[in-house]
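Everything below concerns the one structure shown next.
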């Protein structure tokens, strides 16, 4: 399955029913990652990355070929070692739109395609699908 095919399959889904378990398994097998907003404070990663990140009012996820970067070298998020490792990551920035539609959009340098999620016929989120292989170029 290609990222374009998966995005087309997910397009138009309702909030709370963004992706099925079977589709998530297909995405994982194909090396695809689906990103979408869940609630008003969460960025969900499904497929080749299965994780989530709190992002009240927006936030930035740092990704490397292992997935969501958690700061492996030290516990302090602001330590110079973690900052150095974070600088090697690719990012997905969750943008919360407090007014108007959609509530969530994403900005990233990772090649991706988008799909729309609705809530009660209103645009809730513009999610993205990207290939895990596009994280392999990260200089670790």
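The values are calculated or read from the model by the stated rules, or taken from the named source; none is laboratory data. What you are looking at is a predicted structure, and each value in this text was computed from that prediction instead of being measured. Cβ placement follows ideal geometry from the backbone for every residue including glycine, while neighbour counts extend to all protein chains displayed.
Scanning the stretch 86-99 for residues that are assigned to a strand (DSSP E or B) and surrounded by fewer than 19 Cβ atoms within 10 Å (Cβ to Cβ) yields 90, 91, 93, 95, 96. Only one of the listed residues (55, 74) is buried (at least 19 other Cβ atoms within 10 Å of the Cβ), modelled with pLDDT under 95 and over 18 Å from residue 136 (Cβ atoms). That residue is 55. In the stretch 126-136, the condition of being modelled with pLDDT under 95 and on the phi > 0 side of the Ramachandran plot is met by no residue.
Does residue 37 satisfy being within 13 Å of the chain's Cα centre (by Cα) and either in a loop (DSSP other than H, G, I, E, B) or surrounded by 17 or more Cβ atoms within 10 Å (Cβ to Cβ) (or both)? Yes: the conditions hold for residue 37. Restricting attention to the stretch 114-138, the residues being in a loop (DSSP other than H, G, I, E, B) and either touching a helix residue (DSSP H, G or I) at 6+ places or on another chain (Cβ under 9 Å) or surrounded by 19 or more Cβ atoms within 10 Å (Cβ to Cβ) (or both) number 0. The number of residues in the stretch 16-27 that are in a helix (DSSP H, G or I) and surrounded by 17 or more Cβ atoms within 10 Å (Cβ to Cβ) comes to 4.
Being under 29 Å from residue 100 (Cβ atoms), modelled with pLDDT of 95 or more and not in a strand (DSSP E or B): is that true of residue 6 here? Yes; evaluated as a whole, the condition is true for this residue. The lone criterion from (1) modelled with pLDDT under 95; (2) surrounded by fewer than 17 Cβ atoms within 10 Å (Cβ to Cβ); (3) on the phi < 0 side of the Ramachandran plot left unmet by residue 102 is number (2). Surrounded by 17 or more Cβ atoms within 10 Å (Cβ to Cβ) and touching a helix residue (DSSP H, G or I) at 6+ places or on another chain (Cβ under 9 Å): is that true of residue 32 in this structure? In short, yes.
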